[in-house]
1. Just checking, how many residues over region 125-165 are touching a strand residue (DSSP E or B) at 6+ places or on another chain (Cβ under 9 Å) and in contact (Cβ under 8 Å) with a residue 60 or more places away in the chain?
2. Confirm whether residue 80 is over 25 Å from residue 136 (Cβ atoms) and open to solvent by less than 50 Å² (accessible area, probe 1.4 Å).
3. Restricting to region 83-113, give me the number of residues that are of a type in the set (A, V, I, L, M, F, W, C), open to solvent by less than 40 Å² (accessible area, probe 1.4 Å) and over 14 Å from residue 153 (Cβ atoms).
4. I'd like to check something: does region 88-109 contain any residue that is part of a loop (DSSP other than H, G, I, E, B), in contact (Cβ under 8 Å) with a residue 60 or more places away in the chain and among the hydroxyl-bearing types (Ser, Thr, Tyr)?
5. Of all residues being part of a loop (DSSP other than H, G, I, E, B) and open to solvent by less than 50 Å² (accessible area, probe 1.4 Å) in region 35-71, which is nearest to residue 159 (Cα to Cα)? Just the residue, please.
6. Identify, please: which residue in region 114-124 is free of Cβ contacts under 8 Å to residues at least 60 places away in the same chain and not polar (S, T, N, Q) and is, among those, surrounded by the most Cβ atoms within 10 Å (Cβ to Cβ)?
Amino acid sequence: MKRWMSVILGTVMAVMCMMTMTVPAFAAENPGVSIPVTVSLSGTLPKPAEDFTIKLRADNASYPMPEGSVGDIYTMTITGADTKNFPTITYNRVGVYTYTIYQVAGNNKKCTYDDTVYALTVYITNAEDGSGLEATAVLYPDSEGNKLPGAEFDNEYETVKPTPTDPDTPKTGDESTPVLYAVLIAVSLGVIVCLFLTRKSQKAEE
């Protein structure tokens, strides 16, 4: 009897040790969000293409920001009409994080810069299957509208119309060709030769 009690007690102790040493496994990677930004242009475009400054600002200085940010602001430059993504913002805890995306107006007086301001909200929640954290990003413009997949700034340049050419404007300059000169010289020489031969023939007859 004592022997069976010892076996049972040993088995229970082994199971308890195994349970104590077991660590729950969760996803090690933290979720991230990267927002695309598009600059579209219309009108007569300048040469070379203009650089446009787009900023991402955290509404709270404690919120995560992309690598390369200065304080609570990340600055991105887009040259001409193009699409670029803000670097990924990585999160390691549950929460609601809000940001503002806007364009800094340039110095070209012939361009109307889009002053739309976008509100970005990032929701970080626990995955239902317990595998880690999940990220959901929602982007809205400052005016009423639907959720957007990315921010877009439509900058409009003045349209410069080409100066029309006046058909009645007199043409200047010598437009004669060398061939015309050659023909005139040949005809003149021919006339001179004919006159010379005619005069010589008349003298011979006298």
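The values are calculated or read from the model by the stated rules, or taken from the named source; none is laboratory data. The structure displayed is predicted, hence computed values, not measured ones. Every residue, glycine among them, receives a Cβ derived from its backbone with ideal geometry; neighbour counts consider all protein chains shown. Surface areas here come from the heavy atoms of the whole protein model, side chains and all, with no ligands, DNA or RNA. Shrake-Rupley method; radii C 1.70, N 1.55, O 1.52, S 1.80 Å.
1. Here is the first cut: in region 125-165, the residues touching a strand residue (DSSP E or B) at 6+ places or on another chain (Cβ under 9 Å) are 125-128, 132-142, 146-159.
If we keep only those that are in contact (Cβ under 8 Å) with a residue 60 or more places away in the chain as well, we get 127, 132-135, 137, 139, 149-159.
Residues flagged as touching a strand residue (DSSP E or B) at 6+ places or on another chain (Cβ under 9 Å) and in contact (Cβ under 8 Å) with a residue 60 or more places away in the chain within region 125-165 amount to 18.
2. Values: over 25 Å from residue 136 (Cβ atoms): yes; open to solvent by less than 50 Å² (accessible area, probe 1.4 Å): yes.
When the stated conditions are applied, residue 80 passes them.
3. 1
4. If we filter region 88-109 for residues that are part of a loop (DSSP other than H, G, I, E, B), which is where we start, we get 88, 91-94, 105-109.
With in contact (Cβ under 8 Å) with a residue 60 or more places away in the chain added as a condition, the list becomes 91-92, 108.
In the following step, the residues that additionally are among the hydroxyl-bearing types (Ser, Thr, Tyr) were identified as 91.
Taking every residue of region 88-109 in turn, at least one turns out to be part of a loop (DSSP other than H, G, I, E, B), in contact (Cβ under 8 Å) with a residue 60 or more places away in the chain and among the hydroxyl-bearing types (Ser, Thr, Tyr).
5. Checking each candidate, the answer is 43.
6. 118
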